[in-house]
Amino acid sequence: MLKALPGGPFDEETALNPLVKEKLQEHWKVDQSWVGQATSYLTSLVQGDLGVSMTRPERTVTEIIFQGVANTLTLNALALLFILIGAFVISLVAVRFKDTWVEHLIDQTVIAFLSLPSLFWGPLLIYFFGFYWNVFPVAFLTGPSHYVLPLLTLCLRPLAVLIRLLKNSLNENLQQDYVRTARAKGVKVWNILFHHVLKNSLIPFLSYVGPLIVSLLSGSFLVEVLFAVPGLGTEFISALNDRDYTLIVGLTLFYGALLVLVNSFIDVLIKIADPRLREEA
């Protein structure tokens, strides 16, 4: 797909000398067929070598990934933590105060968050909280306050999706016979929710966590660019603009391996939470 795009890693505003460009293409093996390039790359990959950045030849792809991965994973891990905690708390409150103004307020807020993408929330938060009210910084991650706006931009829509999913699952389980039996025995509502209903509502919740992490990682690309976060998303966008083939492929492999590991871990958690799956295994 990259080879099909116009431009290349050695195309600059000031045209290179044809001999220089030819030597660069020969050095990076760009003059070979895509089969030859793929074979050469896979040979290096088997040896654990992701290559050197084509636009920054003084740095290896592995160095660039390890330098940016801390900010990206920290941002995504915090976002995931806030989303999970927020979804649990808000869903339980909505179910506990069913058919009251509390539930109606939560439902309307969830609809608003679902209707608007991160591309809308990011600039809006930057304008109001960064420039109009000047409450939070809008670039880099040099302190705790720098995380507020990127996390809000990254969290709002996935949080709304998870709240709706968990709330529906909780309401469905509240209609089961064991809940009516517990109520007849005089068990308090919060005890029913925490000790009985919540556990049985976790299967669809956990099933969505894998796609949620994928969504966060892909969504963080936009967030990192908007807030000038020096992470892998920013590196990926920069590599695409520069046609830095080695860095693009290295980052793609890293993200792919990370997502496979995460989804495998989520599958294990689902089997632990659902005894029926353990019996089938």
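Here are the numbers for this structure:
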read-out	value
Matching residues in region 117-145 - criterion: being buried (at least 17 other Cβ atoms within 10 Å of the Cβ) and in contact (Cβ under 8 Å) with a residue 24 or more places away in the chain	Ser118, Trp121, Gly122, Leu125, Ile126, Val138, Leu141
Residue ranges of helices (runs of 4 or more DSSP H) in region 190-278 with at least 3 members at pLDDT below 80 and not charged (D, E, K, R)	202-226, 245-273
Complete set of residues in region 144-202 that are closer than 30 Å to Asn76 by Cα and of a type in the set (S, T, N, Q)	Ser145, Thr153, Asn168, Ser169, Asn171, Asn200, Ser201
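The values are calculated or read from the model by the stated rules, or taken from the named source; none is laboratory data. It should be emphasised that the depicted structure is a prediction, and the values quoted were computed from it without experimental measurement. Quick reminder, even Gly has a Cβ in these numbers, built from the backbone with ideal geometry, and neighbours come from all protein chains shown.
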